[in-house]
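I have placed the structure first, in the form of structure tokens, so that the comments after it can refer back to it.
The values are calculated or read from the model by the stated rules, or taken from the named source; none is laboratory data. Here the structure is a predicted model, which is why all the values come from computation and not from measurement. Heads up, the Cβs are rebuilt from the backbone with ideal geometry, glycines too, and the neighbour counts pull from every protein chain shown. Calculation scope for accessible area: heavy atoms of the full protein, side chains included, ligands and nucleic acids excluded. Shrake-Rupley method; radii C 1.70, N 1.55, O 1.52, S 1.80 Å.
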Amino acid sequence: MLTLTSDFGTPYPAAMKGVILQRTDAQLVDIAHDLPRQDPRAAAFWLRETVPYFSPAVHLAVVDPGVGTDRRAVAIRVGSHALVGPDNGLLRPVVRRLRESLAADDPVVAAYEIVVDDPASTTFHGRDVFAPAAADIHEAGVESIAAVDTLEPLSLAECVELELPTATRDDGTIHGEVLVVDEFGNAITNIPGAWLADSDAVRVDGERVPVAETFASVDPGERLVTVGSHGYVECDVNQGRGDDAFGLAAGDSLSLRLAE
Amino acid sequence: MLTLTSDFGTPYPAAMKGVILQRTDAQLVDIAHDLPRQDPRAAAFWLRETVPYFSPAVHLAVVDPGVGTDRRAVAIRVGSHALVGPDNGLLRPVVRRLRESLAADDPVVAAYEIVVDDPASTTFHGRDVFAPAAADIHEAGVESIAAVDTLEPLSLAECVELELPTATRDDGTIHGEVLVVDEFGNAITNIPGAWLADSDAVRVDGERVPVAETFASVDPGERLVTVGSHGYVECDVNQGRGDDAFGLAAGDSLSLRLAE
Amino acid sequence: MLTLTSDFGTPYPAAMKGVILQRTDAQLVDIAHDLPRQDPRAAAFWLRETVPYFSPAVHLAVVDPGVGTDRRAVAIRVGSHALVGPDNGLLRPVVRRLRESLAADDPVVAAYEIVVDDPASTTFHGRDVFAPAAADIHEAGVESIAAVDTLEPLSLAECVELELPTATRDDGTIHGEVLVVDEFGNAITNIPGAWLADSDAVRVDGERVPVAETFASVDPGERLVTVGSHGYVECDVNQGRGDDAFGLAAGDSLSLRLAE
């Protein structure tokens, strides 16, 4: 299996698929191709939250504002998964997540640089560099990744790091950040759901908002705070957009107090 | 084969696909993931009009404003098809349609409640309840649906009903309703195409509009009434948006008179 | 393998897939279903630039403003590829491109009319005419295309022609046209990249713009001219939309001078 993730819209992903299927007979699954443009951090979040639901596979991910510059192209093996993409950090959070979940098995983690001399374009390495590498890894098998011609061993520590910010708390106030806004308009923060304890309500930037387990707990159009499917606190609206109602966008910080 | 339908946008459907492919080796086909948000009626229409074109398969459909509440999760077998989704009525019209088309074979129709204790999330049962159930039914085979662990027999009559409204006519006036607006802007009504007889024109809410078999029968930008590919009367514009030109949205009623 | 291209959005392509998979067991790959509406020229460009990346396959392409009129439905074999769609020219540029790339092998090029008496709809030949024909060709095998029941031999010369405009140059001024704008907002012209020679800058409609190999060569928000992944000159903005910044839309002409 080979998954594809990008900010390419259409029809560029189809060229990648054509290239891949010329090289290997893989079941292809799209994760998303409409991720926020040129935003490796958002892609890093979605990869971390989505890839672990898959059986071992090759995961191609291209959100690449530095395409054509001297930023590296990399492939990272974690156990029986392989991640392929630009070396701008977007693969690091999912690599950590996979490593944790596989820890008991002492998974192999190994990084490689993808070396392609003179790719056909300077602006579409998804098609000319990453797709061929992902296909070749799929064809060889992740366990035999080291045998792929275009890969040269690299230390993971040399790869660009990207850490999603973590929330903090002091004196009953939680300081968090909106990591992404999903297509429903839910503002997904980095605040662990467990920090809400059993509160019935919180103050978000000073305003009281009910904490609820389900959207339908509040009337349509009303705001709620919930623990989303990723385990993080979300600022939502039942049948509406949380980002608008809370005035929050990706990257915004917010403070949250458990209400008495 | 396993089809997927939702209002999830991206990348949430990918998590469902990961879960499914961990459990069964299915060919996945997306019907749509950008259906009108939180609108089981629109989903019911599109399922009814699309699913019957498929060979027997498992069809997962999640448009679920009541997620996390005590609304039931259900699976319904109709002949060799199985439908899986929330018990809010969205599966009922396609169940009726499949039953009609399979009537000669006296198809088995059987409903089941999906019982999952303590799903991982309260807001993403697509991933945590429906995808596992659909995968398990696919893996068992629809004929062996009763053997799936998480399913408990249920009377179809206990399931939530949803009837798409039907058109009426009296004294030469047809009273209909817009069921959905498609992405072209075509306003698809519930008026059977045959009711237009061989009229050359109709009055829609009083205004004369030509009836035509093809968009190209009128000039670009001009309005027409046609019998769409679902067999219903549509209010359209050649190379434009019918919903705008007619001032019609999903749920709006309209009256139509055959013009002399 | 069978690829699908249309301007249908969702969920109409799913009905085509259901029809296809009832007739043949094909791996389906979407090229795009959100191409500019009713614009065979844009589809012709994207098909020409995308299809050649695929192994031999059947390619179904439906952008069809004349649906239901007496425009022909056609299938064109080029070597081991087959193209299926309306006879409005959208297949011609990719047929030429495939023919060139396969020239050394003296590929068979043969056209057929698809004859379906009384299709189920007048407005959705994607489902009722083209999908069945594409599936039947896939099932028969492209080499046996002539054996498909619904196909009747036709001279390619009888098919509607569509030539994408070509750029010209005189006295150091290049006259080109924007062929399409992609989802990033890149305005892709018909000017061959080689015509930029090694210029560091050009004047686009009189204004000086740097020529760069990569987006990241200029600051975010700044304009650049680059040779895109199709080999054509593009008017772009780093992390922004070139169409807006240059005031260019598909079909617009532009003049370009190599700057001293």
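Across segment C:18-24, in residue order, what do the Karplus-derived ³J(HN,Hα) couplings come to in whole Hz, using 6.51 cos²θ - 1.76 cosθ + 1.60 with θ = phi - 60° and x for Gly and Pro?
With coefficients 6.51, -1.76 and 1.60, one gets x, 4, 5, 6, 6, 9, 7 Hz.
Within 10 Å of each Cβ of B:124-134, how many other protein chain Cβ atoms are there on average?
The per-residue average across the peptide is 1.
Using the Karplus curve 6.51 cos²θ - 1.76 cosθ + 1.60 with θ = phi - 60°, what ³J(HN,Hα) values do you get for each residue of segment C:160-167, in whole Hz, with x for Gly and Pro?
Taking θ as phi minus 60°, the curve returns 4, 8, 9, 10, 5, x, 10, 7 Hz for segment C:160-167.
I'd like the FRET efficiency for A:A197 and A:E161, computed as 1/(1 + (r/R0)^6) with the beta carbon distance as r and R0 of 35 Å, rounded to 0.05.
With a Förster radius of 35 Å, E is 0.60.
Along Cα-to-Cβ, 7 Å out, sits the label point; list in nm, shortest first, how far the one on B:S144 is from those in the other copies.
For B:S144, the inter-copy label distances come out at 3.3, 3.4 nm.
Could you compute how much accessible surface A:H125 exposes when probed at 1.4 Å, giving the result in Å² to the nearest 10?
20 Å²
Which distance in nm do the two modelled labels at B:E143 and C:D149 give, with both placed 7 Å along the Cα-to-Cβ direction?
Spacing of the two 7 Å Cα→Cβ label points: 2.7 nm.
Roughly speaking, what is the centre-to-centre gap between segment B:1-60 and segment A:9-42 when only Cα atoms are used, to the nearest Å?
So the two Cα centres are separated by 20 Å.
Can you give me the long-range amide H partners of B:V211? Hydrogens built in the peptide plane at 1.01 Å from N, cutoff under 5 Å, separation of 5 or more residues or another chain.
Amide H neighbours of B:V211, under 5 Å, 5+ apart: B:A201, B:V202, B:V225.
Apply the Karplus parameterisation 6.51 cos²θ - 1.76 cosθ + 1.60, with θ equal to phi minus 60°, to every residue of segment A:33-46 and state each ³J(HN,Hα) to the nearest whole Hz, in sequence, with x for glycine and proline.
Ordered by residue, 3J(HN,Hα) equals 10, 10, 5, x, 4, 6, 10, x, 5, 5, 4, 4, 4, 5 Hz.
Antiparallel DSSP bridges in segment A:136-260: what percent, to the nearest 5?
On the way: 27 of 28 bridges.
Antiparallel: roughly 95 percent of the beta bridges in segment A:136-260.
Which cross-chain or sequence-distant (5 or more) residues have an amide H under 5 Å from the amide H of A:N88, H modelled 1.01 Å from N in plane?
none
Out of all DSSP beta bridges in the protein assembly as shown, what portion is antiparallel? Express it as a percent rounded to 5.
75 percent
If you count, for every residue in B:51-60, the Cβ atoms of partner chains within 10 Å of its Cβ, what is the mean? Write out the running numbers ahead of the final one.
Working: counts 3, 2, 11, 7, 5, 0, 2, 0, 0, 0.
Neighbouring Cβ atoms belonging to other protein chains average 3 per residue here.
Taking amide H positions as placed in the peptide plane 1.01 Å from N, state which residues far from B:A82 in sequence (5 or more) or on other chains have amide H under 5 Å from it.
HN-HN under 5 Å from B:A82: B:A57, B:V58, B:H59.
Say each of C:A259 and B:T69 gets a label point 7 Å from the Cα, pointing the same way as Cα to Cβ; how far apart are those two points in nm?
A separation of 6.1 nm, rounded to one decimal place.
What is the distance in Å between the Cα centroid of segment B:111-176 and that of segment B:190-229?
36 Å
Give the accessible area for B:D244 in Å² (nearest 10); use a 1.4 Å probe, count only protein heavy atoms, and leave out ligands, DNA and RNA.
Solvent-accessible area, nearest 10 Å²: 110 Å².
How shielded is A:28-35 by partner chains, expressed as the average number of their Cβ atoms within 10 Å of its Cβ atoms? Numbers along the way, then the final one.
On the way: counts 2, 7, 7, 7, 6, 3, 4, 2.
Whole-number average of other-chain Cβ neighbours for A:28-35 is 5.
Which value at 222 nm does chain C reach when only helices count, each DSSP H run of 4 or more adding -39,500 (n - 2.57), with the total divided by all residues and rounded to the nearest 500 deg cm²/dmol?
-5500 deg cm²/dmol
What fraction of the DSSP beta bridges in segment A:1-148 is antiparallel, stated in percent and rounded to the nearest 5? Walk me through the numbers on the way to the answer.
Values: 11 of 23 bridges.
Close to 50 percent.
Can you list the copy-to-copy distances for B:S253, using a point 7 angstrom from Cα toward Cβ, in nanometres, shortest first?
5.6, 5.6
Would you mind counting up the charge near A:A133? Only other residues with Cβ under 11 Å from its Cβ, with Lys and Arg at +1 and Asp and Glu at -1.
-4
For label points placed 7 Å from Cα toward Cβ, what is the shortest-first list of nm distances from B:R97 to its copies?
3.5, 3.6
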